[in-house]
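Below you'll find the structure, written out as structure tokens, and then a few comments.
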Amino acid sequence: MTAAVGAPTVPRTFELRLVSVIARKVIREASRDRWFWLYCAGFAALAGAITVTAVPDQNLIGSGGFGRTAASLVALVQLVVPLMALTLGARYLAGERDSGTLVFLLCHPVSRTEVLLGTYVGLAGSMFAAVTTGFGAAGLFSALRSAPTDPVLLVSLAALSWLLSLAMLGIGLLISSTVRSASTALGMALFVWLSVVFLGDLGVMGTVVATRLPVSALFATVMVNPVEAFRLASVVALDGSLDALGPAGTYAVDRFGDGIANIALGVMAAWTVSAVGAAVLAFRRGDQT
Amino acid sequence: MIRVEHLTKAYRRKVVVDDLSFSVGGGEAVALWGPNGAGKTTVIRCLLGLVGYEGLIEVGGLDVSTHSKSTRGLIGYVPQELGFYGDLTVAETLALSCDLRGLARSRIGEVIEAVSLEAESGKRVAELSGGMRQRLGMAVALLPDPPVLLLDEPTSSLDVTARRRMVSLLDSLRGPERVLVITSHRVEEVGMLVDRVLALDAGRLVHECPPGELTGRLNLESWLHVVLPSSQTAGALAHLTAAGYDAHENGHGVLVGVSPEDKVSALGCLREGDFEIMDFEVWR
């Protein structure tokens, strides 16, 4: 090995092949990450427990009884899935930067856009596995107890949960692209989780009381939150009444009718695209070492 | 092959590379020499396009600021602090690097052999010693058989034996079509490996010269630690001081300030005074 043998070919600007290589690496790493398995096991255990504890009541409300289990699963997803996705996304690139492996990746002929998108796709695949595990556990326990089950509804809720996780992963990666250490990224992710899951509700209620917002503005404020958009889409999937969501729900039914589910899906998609786009821009701009 | 013009890099408001210009032609080996904080690693990271900068950098005729992905295809890089995925084995790490470069995996065996890691190819990276990780870093850099090799303090974490092996390996990598850029703060190592030294201080180029001229230009001083019988230490100190040497008592002997080219004369002075030299070593 005494001399270079010709110059390597000049790579194209953007290569899907590299996104795929990095995504596979991320999935392999996630499969070896104890935190990921802890999240999966916790989510599956809670989903299974909800199914088991909801079963006795179902006899009282007949074949429609799965609705109660499903509603409980929606409440669980609202808490657990954003936490999983936000922390997974936020820890990832910042963790790579901490450990020096980001330099290992970036000293290869790969663009930062390919690294970020590959990471996103890999984490999205991992979240798909986690959500499938949770809802799979729910379905399994339901079947074992011979309880009424609605497979279509279960799959619909799993798909909505995954969509929610895609938006949250994007926000997590945006955090990861802008801070320098994994611990700071984790702290910010927890703050965002608290904001969208708890403070969002309380903030909206407080704002309504303090400012006497018109109901249309209240609806818009609620819908800005991707977790609320997930809840709304889930309630529609459950074929339930949006009145349960209060004045905003009533307004949504009156104003948008059946189109409300599309709006909710659009909100989650918009969060996903804008968060991932912002993460790409932040990651490309920063000094990544 | 490499052209750098008016390169300036600042982190926040601290300038770490200041208006640096140099070029390296095909077949040349160049050292970026300087103390810690001189800006050597930052220059390497700019060459790789890992950080933003002001000025112009071209590698293989391509502007790094606009074609960093393409220029990295021409570069093999060994970082000072090696960050590998600890769960991957040596072979898996090289396979990942092959995939990222779009190379056939048939190269893996060849580079593993080149850096003598055959016995460790199935070991997890987390289980490797510092020297083995350094060799793995070399293997990753050599995979594409690149025309440009950037080596950031390639021997910094190695013991004496491993350092000698690495120097020998680096020497074997020189060739008419390959450019080597090595950062180092070891004068003697630089002398063995390169044709030209770019001496940096606080981010500025202070000297550009052949390695043999570096010590003279920088007025570098070495310290010769001579171990003597304790009964002779005071006499040897007085003898050296009388002969004009900057000598101090140190542990089991004396410490003598010498120029790098003139270490032997201090030993000769002690021999002429009939002092028993039990051992000696050079400190820089």
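The values are calculated or read from the model by the stated rules, or taken from the named source; none is laboratory data. Quantities reported herein were computed from a predicted structural model and do not represent experimental measurements. Methodologically, a virtual Cβ is constructed for each residue, glycine included, from the backbone with ideal geometry; neighbour enumeration extends over all protein chains shown. Just the protein is used for accessible areas: all its heavy atoms, side chains included, with ligands, DNA and RNA removed. Shrake-Rupley method; radii C 1.70, N 1.55, O 1.52, S 1.80 Å.
Data for the structure
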item	result
Residue selected from the range B:62-79 under the condition facing chain A (nearest Cβ under 10 Å) and open to solvent by 40 Å² or more (accessible area, probe 1.4 Å), by the criterion farthest from B:Glu177 (Cα to Cα)	B:His67
Set B:Val167, B:Val111: member being free of Cβ contacts under 8 Å to residues at least 40 places away in the same chain, within 26 Å of B:Val194 (Cβ to Cβ) and more than 14 Å from chain A (Cβ to nearest Cβ)	B:Val167
Verdict on B:Asp262 being touching a residue at least 24 places away in the same chain (Cβ under 8 Å) and acidic (Asp, Glu)	no
Odd one out for B:Thr183, checked against (1) away from chain A (no Cβ under 14 Å); (2) farther than 29 Å from B:Glu58 by Cα	(2)
In the range B:22-46, residue modelled with the lowest pLDDT [restricted to those that are in a strand (DSSP E or B), surrounded by 13 or more Cβ atoms within 10 Å (Cβ to Cβ) and more than 13 Å from every other protein chain (Cβ to nearest Cβ)]	B:Trp33
Qualifying residue in the range A:103-113 (condition: part of a helix (DSSP H, G or I), of a type in the set (Phe, Trp, Tyr) and open to solvent by 50 Å² or more (accessible area, probe 1.4 Å))	no
Residues satisfying the stated conditions in the range A:1-24, i.e. at pLDDT 85 or above and buried (at least 20 other Cβ atoms within 10 Å of the Cβ)	A:Leu18, A:Val19, A:Val21, A:Ile22, A:Ala23
Helices (runs of 4 or more DSSP H) wholly inside the range B:167-278 that include at least 2 residues being touching a strand residue (DSSP E or B) at 6+ places or on another chain (Cβ under 6 Å), within 22 Å of B:Leu20 (Cα to Cα) and open to solvent by less than 40 Å² (accessible area, probe 1.4 Å)	B:211-218
Subset of the range A:123-134 (residues that are crowded, with 23+ Cβ neighbours inside 10 Å and either within 30 Å of B:Ile75 (Cβ to Cβ) or of a type outside the set (Gly, Ala, Ser) (or both))	A:Leu123, A:Met127, A:Val131
Matching entry among B:Leu62, B:Leu50, B:Leu74 (being in contact (Cβ under 8 Å) with a residue 40 or more places away in the chain and in the same structural domain as B:Met138 (by TED's automatic domain parsing))	B:Leu74
Filter result for the condition that a residue is crowded, with 18+ Cβ neighbours inside 10 Å, more than 10 Å from chain A (Cβ to nearest Cβ), touching a residue at least 40 places away in the same chain (Cβ under 8 Å) and not in a helix (DSSP H, G or I), over B:Pro154, B:Pro144	B:Pro154
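This table checks each residue for (1) open to solvent by 40 Å² or more (accessible area, probe 1.4 Å); (2) of a type in the set (Ser, Thr, Tyr).
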{"position": "A:Ser161", "(1), (2)": "no, yes"}
{"position": "A:Met168", "(1), (2)": "no, no"}
{"position": "A:Ile171", "(1), (2)": "no, no"}
{"position": "A:Thr178", "(1), (2)": "yes, yes"}
{"position": "A:Ser181", "(1), (2)": "no, yes"}
{"position": "A:Ala185", "(1), (2)": "no, no"}
{"position": "A:Met188", "(1), (2)": "yes, no"}
{"position": "A:Phe191", "(1), (2)": "yes, no"}
{"position": "A:Val197", "(1), (2)": "no, no"}
